[in-house]
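**Student:** This structure is in structure tokens; I'll ask about it shortly.
The values are calculated or read from the model by the stated rules, or taken from the named source; none is laboratory data. Since we're looking at a predicted model, the values are computed, not measured. Because the Cβ atoms are built from the backbone with ideal geometry, glycine has one as well, and the counts that use them run over all protein chains shown. What goes into the accessible areas is simple: the full protein's heavy atoms, side chains included, and nothing from ligands, DNA or RNA. Shrake-Rupley method; radii C 1.70, N 1.55, O 1.52, S 1.80 Å.
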Amino acid sequence: MQATHSASRRLFLARTATATGGLVVAFLIPRAGAATAALDPRKAVAKDLVESFVALGPDGGVTIHVGKVDLGTGTRTALAQLAADELEVPFQRITMVMGDTGTTPDQWITGANLTIAQGGTELRRACATARAALLDRAAARLGVPASELVAADGAIAAKGDPAKKLSYAELVAGQPLALKVDEKAVLKKHADFKVIGQSIRRVDIPAKLTGEFTYVHDFRLPGMLHARVLRPDDLGAPLQSFDDSAARKVPGFVRTVRKGDFLAVVAKNEWAAIKAMRAMKVRWGAGTGLPDQATVFDHWRSRPVAKQDVTQKVGDAEAALAAAPRRIKARYDFAVQTHASAGPSCAVAKVENGELTVWTASQATHSLVDELAPIVGLPREKIRCVYLEGSGCYGRNGHEDAAADAALIATLTGSPVRVQWMRDDETARAPKSPPRSMDFEAGLDEQGNVTAWTGDFWIALNHIAAFKPLDFPLLAATETGLPKPGNWVGFLFQNSGIGYALPNVKVNTRHVEQAFFRSAHLRSPGRIENSFANESFIDEVAFAAKADPADFRLRHLKDARGVAVLKKALERAGWQARAGINPERGSGEVLRGRGVSYLRYNNATTYVAAVADVAVNRRTGEIRVERVCVAHDCGQVVNPDGTTNQVEGGVIQTVSRTLMEQVTWDRTKVLSRDWVSYPILRHDQVPKVLVDLIDRPGEPSWGAGEPTACAIPAAIGNAVFDATGARLRAVPFTPQQVLAALGRAQAA
């Protein structure tokens, strides 16, 4: 089955106006008694126990506990669909609890495109184990073999005698499901799905539309104080002294908190905390300095390398390259970027009876417990992190830092504390993606066939083993004298290898020992940069071979699902094969072209192909992405509408990252502090997005949050070449970059 979706801002506005007679924009001012939440008692959380995932209520309701969280991506709904089908209960009876370390199992962080593939599979297995156990209990009580029973609507009945029936509530009354998850539990067949594969409406949207949804920013505790943390502009500058005499005069001021280089003001309300922060006089020492941004990629290549890995090897690439009659080289760079979440990070913390509770938007609440323990001096079993949705991030923005700030201040003051970061905190001080630089060389024979391919990647080193608790250099840890060994930046080597069948390939990754910023994972870490380079270079090779870039890819693509997804994108885009640049690109100020890109995420899971249509103003250098067609195969689709949302969002965010996003700095500090100094895509710049989902019932369900993003930069860059004959090899494609590339192309 294939589903086709189209999204555009104009269509949304038109439909809204038609349905309502106009578009009303409302602003909700939080009430003094804004949202609070009572904590559920701690319960079993071991990942090998069914009761860690599933709780059957006496009223027929089912509570599902998962360690993954919904970052606004719709996984609260999708995971509930998986549970409803596997348990045979109506979707409406499912209540989801996500990311509360006191009640949910540790399923690792919400990231790496694994929420459905890994977290969902673990949940299904627990639910299938529960269903089998309930069938066995019913068989014993009804005197009917389990094979003659059927589970449906939260009850089990005899196939030939519906009067013989027991509800799940009756089956667990006085005897909870205290059993181990059966790793070999038989999962439900796709032909029997009732809600998996359906576009169930997201359960979180109604409350978000009415303003009743509790974001972490809305959360309140009785007697809660507000805090702001003061930090230097210069990277790594130590605190030398401060004068809080003016801050003490601010109405509502409570106290100043200092521990080492950590400095904060605490007040009775948020505005008082802001005024007190601004009234503080602080003297900072010299910072650690930053490299010259103008030559940052050369600097990145010169930094110490901790190790090198050959991530793909086929044949003898060196020998084949040496023998090739034609050789092509290119270098690609990808800038430092940041999440720049629309809402600055926030967290609330309290210490009570020797236990610390932190309400946080972290996508790694279980790992955050381990990170907070040394900062606050408590054992991990005395710390509980409770997830509340915050601003979107797809990785690590300032959420964890704000949580550490709140936890430390609450521990030092003994009062419940809310920490709200400011705009410059989020943009300038939150972790950044590390830079990336890549070299490629290919060999061609006289007929234009690829005989050799080599790639060399300078990537940031992961200082933490995969699937272990993160040990990240949180600001509060560093400032209080707890230096951390390094960063978790994601699986940055992934997609450095190519997905095409070539006779001789060698791909090398150089793991740079230490980045100069606090680096962390940002949507599709590693894969987006690597795919940009691979898919840009394959386009250059196709041009050198005088081949249509889409046909060239299909010629070297031997994966049937990959071929299908690429052909579907080409079909949707109305691709017309041609070698060379667009003969119909125009001759005036604005030139038009189209570009293609393909990848398989991690070279192992979701397939994506994209075709971008662009208009390039050769006078100003501005690129306008007019349309993006995406074909997407993530196996069995759990929720088509939710999956389409993820694909559309991946396109829009990555158009922004590709065209304009880069962190800027001088030799001491970050200069990107707001939306002027770190611009992002505006509504009137959003392209039309057409999405084709290739659903594969019965196949494993893979993630949809990250793969599409990886296809966009190269698709845009290749489209610019099609329009202008100029190659763009460094993200972002700013007007200055475009004009420089046009100049080089004219001079060539």
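**Student:** Of the numbered conditions (1) over 29 Å from Phe297 (Cα atoms); (2) surrounded by fewer than 24 Cβ atoms within 10 Å (Cβ to Cβ), Cys385 fails exactly one; give the number of that condition.
**Tutor:** (2)
**Student:** Inside segment 368-382, can you point out the residues that are open to solvent by 10 Å² or more (accessible area, probe 1.4 Å), in contact (Cβ under 8 Å) with a residue 24 or more places away in the chain and not β-branched (Val, Ile, Thr)?
**Tutor:** Residues of segment 368-382 that are open to solvent by 10 Å² or more (accessible area, probe 1.4 Å), as a first pass: 370, 373-374, 376-382.
Now drop any that are not in contact (Cβ under 8 Å) with a residue 24 or more places away in the chain, which leaves 370, 374, 376-378, 382.
Within segment 368-382, Asp370, Pro374, Gly377, Leu378, Lys382 qualify.
**Student:** Next question. As an exercise: evaluate Ala342 against (1) modelled with pLDDT under 95; (2) crowded, with 16+ Cβ neighbours inside 10 Å and give the number of the one condition it does not meet.
**Tutor:** Exception for Ala342: condition (2).
**Student:** Looking only at residues in segment 388-404 that are of a type outside the set (A, V, I, L, M) and within 16 Å of Lys484 (Cβ to Cβ), which one is surrounded by the most Cβ atoms within 10 Å (Cβ to Cβ)? Break it down stepwise before answering.
**Tutor:** Just the residues of segment 388-404 that are of a type outside the set (A, V, I, L, M), to begin with: 389-401.
Checking which are within 16 Å of Lys484 (Cβ to Cβ) leaves us with 396, 400-401.
Values: Arg396: 29, Glu400: 31, Asp401: 29.
By that ranking, first place goes to Glu400.
**Student:** Among the residues of segment 716-723, are any of a type outside the set (Ser, Thr, Tyr) and either at pLDDT below 95 or out of contact with any helix residue (DSSP H, G or I) (no Cβ under 9 Å at 6 or more places or on another chain) (or both)?
**Tutor:** First pass over segment 716-723, keeping only residues of a type outside the set (Ser, Thr, Tyr): 716-723.
Narrowing the set further to residues that are either at pLDDT below 95 or out of contact with any helix residue (DSSP H, G or I) (no Cβ under 9 Å at 6 or more places or on another chain) (or both) leaves 719, 723.
Yes, segment 716-723 has at least one match.
**Student:** So Val250 passes all but one of these: (1) surrounded by fewer than 18 Cβ atoms within 10 Å (Cβ to Cβ); (2) over 29 Å from Leu482 (Cα atoms). Which condition number does it fail?
**Tutor:** (1)
**Student:** Still on this model: If the Cβ limit is 8 Å and pairs must be 6+ apart or interchain, which residue in segment 383-407 that is more than 14 Å from Thr110 (Cα to Cα) and modelled with pLDDT under 95 pairs with which residue that is in a loop (DSSP other than H, G, I, E, B) and not small (Gly, Ala, Ser)?
**Tutor:** Here the result reads Ser391/Pro344; Ser391/Asn397, each pair linking segment 383-407 to a residue that is in a loop (DSSP other than H, G, I, E, B) and not small (Gly, Ala, Ser).
**Student:** Specify which of the listed residues (Val590, Val596, Val565) is touching a strand residue (DSSP E or B) at 6+ places or on another chain (Cβ under 7 Å) and either over 22 Å from Val651 (Cβ atoms) or surrounded by fewer than 18 Cβ atoms within 10 Å (Cβ to Cβ) (or both).
**Tutor:** Numbers: Val596 fails: either over 22 Å from Val651 (Cβ atoms) or surrounded by fewer than 18 Cβ atoms within 10 Å (Cβ to Cβ) (or both); Val565 fails: either over 22 Å from Val651 (Cβ atoms) or surrounded by fewer than 18 Cβ atoms within 10 Å (Cβ to Cβ) (or both).
None of the other options fit; the residue is Val590.
**Student:** Now for a different question. Listed residues Thr413, Thr360; which is within 21 Å of the chain's Cα centre (by Cα), closer than 21 Å to Thr478 by Cα and among the β-branched types (Val, Ile, Thr)?
**Tutor:** Matching residue, one of Thr413, Thr360: Thr360.
**Student:** Then there's this: With the condition kept exactly as written, say whether any residue in segment 546-562 is of a type outside the set (D, E, K, R) and in contact with a Lys or Arg (Cβ under 7 Å, 6 or more places away or on another chain). Spell out the reasoning first.
**Tutor:** Initial filter on segment 546-562 (of a type outside the set (D, E, K, R)): 547, 549-550, 552, 554, 556-557, 560, 562.
This time we only want the ones that are in contact with a Lys or Arg (Cβ under 7 Å, 6 or more places away or on another chain), so: 562.
Checked segment 546-562: at least one residue is of a type outside the set (D, E, K, R) and in contact with a Lys or Arg (Cβ under 7 Å, 6 or more places away or on another chain).
**Student:** Shifting gears a bit: Tell me, yes or no, whether segment 686-699 has at least one residue that is on the phi < 0 side of the Ramachandran plot and without any contact (Cβ under 8 Å) to a residue 40 or more places away in the chain. Working first, answer last.
**Tutor:** Initial filter on segment 686-699 (on the phi < 0 side of the Ramachandran plot): 686-697, 699.
Pick out the ones that are also without any contact (Cβ under 8 Å) to a residue 40 or more places away in the chain and you get none.
Checked segment 686-699: no residue is on the phi < 0 side of the Ramachandran plot and without any contact (Cβ under 8 Å) to a residue 40 or more places away in the chain.
**Student:** Can you find a residue that is β-branched (Val, Ile, Thr), at pLDDT 95 or above and more than 24 Å from Cys710 (Cα to Cα) anywhere in segment 74-87?
**Tutor:** Narrowing segment 74-87 to residues β-branched (Val, Ile, Thr): 75, 77.
Cutting the leftovers down to at pLDDT 95 or above gives us 75, 77.
Okay, now just the ones that are also more than 24 Å from Cys710 (Cα to Cα), so 77.
Yes, some residue in segment 74-87 is β-branched (Val, Ile, Thr), at pLDDT 95 or above and more than 24 Å from Cys710 (Cα to Cα).
**Student:** Out of (1) open to solvent by 70 Å² or more (accessible area, probe 1.4 Å); (2) touching a strand residue (DSSP E or B) at 6+ places or on another chain (Cβ under 7 Å); (3) of a type in the set (Phe, Trp, Tyr), what's the single condition that is false for Trp300?
**Tutor:** Checking Trp300 against (1) open to solvent by 70 Å² or more (accessible area, probe 1.4 Å); (2) touching a strand residue (DSSP E or B) at 6+ places or on another chain (Cβ under 7 Å); (3) of a type in the set (Phe, Trp, Tyr), the one that fails is (1).
**Student:** Sticking with this structure for a sec: Mind listing just one residue for me: the one in segment 461-517 that is of a type in the set (Gly, Ala, Ser), part of a loop (DSSP other than H, G, I, E, B) and modelled with pLDDT of 90 or more and, of those, surrounded by the fewest Cβ atoms within 10 Å (Cβ to Cβ)?
**Tutor:** Taking segment 461-517 and keeping what is of a type in the set (Gly, Ala, Ser), we get 465-466, 476-477, 481, 486, 490, 496-497, 499, 501, 515.
Now narrow it down to the ones that are part of a loop (DSSP other than H, G, I, E, B): 465-466, 481, 486, 490, 496-497, 499, 501, 515.
Among the residues that remain, those that are also modelled with pLDDT of 90 or more are: 481, 496-497, 499, 501, 515.
Values: Gly481: 10, Ser496: 25, Gly497: 22, Gly499: 22, Ala501: 13, Ala515: 21.
For segment 461-517, the residue satisfying everything is Gly481.
**Student:** Residues being open to solvent by less than 60 Å² (accessible area, probe 1.4 Å) and among the polar types (S, T, N, Q): count how many of those fall in segment 138-169.
**Tutor:** 1
**Student:** While we're on this one: Quick one: in segment 707-730, which of the residues that are open to solvent by less than 20 Å² (accessible area, probe 1.4 Å) and of a type in the set (Val, Ile, Thr) is farthest from Val628 (Cα to Cα)?
**Tutor:** Val720
**Student:** Next question. Within segment 731-748, restricting attention to residues that are outside any loop (DSSP other than H, G, I, E, B) and open to solvent by less than 20 Å² (accessible area, probe 1.4 Å), which residue is farthest from Glu648 (Cα to Cα)?
**Tutor:** Residues of segment 731-748 that are outside any loop (DSSP other than H, G, I, E, B), as a first pass: 731, 735-747.
Checking the rest, the ones that are also open to solvent by less than 20 Å² (accessible area, probe 1.4 Å) come to 731, 738, 741.
Working: Val731: 21, Val738: 26, Ala741: 29 Å.
Among them, the one singled out is Ala741.
**Student:** Please specify each residue of segment 111-137 satisfying the condition of being open to solvent by less than 10 Å² (accessible area, probe 1.4 Å), more than 17 Å from Lys180 (Cβ to Cβ) and touching a helix residue (DSSP H, G or I) at 6+ places or on another chain (Cβ under 6 Å).
**Tutor:** Within segment 111-137, Gly120 is the sole residue that qualifies.
**Student:** Considering every residue within segment 38-52, establish whether at least one is in a strand (DSSP E or B), at pLDDT 80 or above and not aromatic (Phe, Trp, Tyr).
**Tutor:** Kept after step one, since they are in a strand (DSSP E or B), are these residues of segment 38-52: 49.
Add one more test, that the residue is at pLDDT 80 or above, and what stays is 49.
Now drop any that are not not aromatic (Phe, Trp, Tyr), which leaves 49.
Within segment 38-52, one or more residues are in a strand (DSSP E or B), at pLDDT 80 or above and not aromatic (Phe, Trp, Tyr).
**Student:** Taking segment 54-70, which residues are touching a residue at least 60 places away in the same chain (Cβ under 8 Å) and either of a type in the set (Lys, Arg) or closer than 16 Å to Thr365 by Cβ (or both)?
**Tutor:** Of everything in segment 54-70, those that are touching a residue at least 60 places away in the same chain (Cβ under 8 Å) and either of a type in the set (Lys, Arg) or closer than 16 Å to Thr365 by Cβ (or both) turn out to be Gly67, Val69, Asp70.
**Student:** Tell me which residues, restricted to segment 670-680, are of a type in the set (A, V, I, L, M, F, W, C) and out of contact with any Lys or Arg (no Cβ under 9 Å at 6 or more places or on another chain). Talk me through it step by step, then tell me what you get.
**Tutor:** The first filter runs over segment 670-680 and keeps only residues of a type in the set (A, V, I, L, M, F, W, C), leaving 670-671, 675-676, 680.
Leu671, Val676, listed by residue number.
**Student:** Let me ask something additional. Which strands (runs of 3 or more DSSP E) sit wholly inside segment 601-702 and have at least 1 residues that are within 19 Å of the chain's Cα centre (by Cα)? Outline the logic, then answer.
**Tutor:** Working: elements: 607-617, 623-633, 688-694.
Passing ranges, in order: 607-617, 623-633.
**Student:** Go through (1) in contact (Cβ under 8 Å) with a residue 24 or more places away in the chain; (2) more than 14 Å from Phe532 (Cβ to Cβ) one by one and return the number of the condition Ala715 breaks.
**Tutor:** Exception for Ala715: condition (2).
**Student:** Checking the conditions here, which among Ala191, Ala185 is open to solvent by less than 80 Å² (accessible area, probe 1.4 Å) and of a type outside the set (Lys, Arg)? Outline the logic, then answer.
**Tutor:** On the way: Ala191 fails: open to solvent by less than 80 Å² (accessible area, probe 1.4 Å).
Going through Ala191, Ala185 in turn, just one is open to solvent by less than 80 Å² (accessible area, probe 1.4 Å) and of a type outside the set (Lys, Arg): Ala185.
**Student:** On the basis of being in contact (Cβ under 8 Å) with a residue 40 or more places away in the chain and assigned to a helix (DSSP H, G or I), does Arg553 make the cut? Can you show your working first?
**Tutor:** Numbers: in contact (Cβ under 8 Å) with a residue 40 or more places away in the chain: yes; assigned to a helix (DSSP H, G or I): yes.
Considered against the rule, which asks whether it is in contact (Cβ under 8 Å) with a residue 40 or more places away in the chain and assigned to a helix (DSSP H, G or I), Arg553 comes out as yes.
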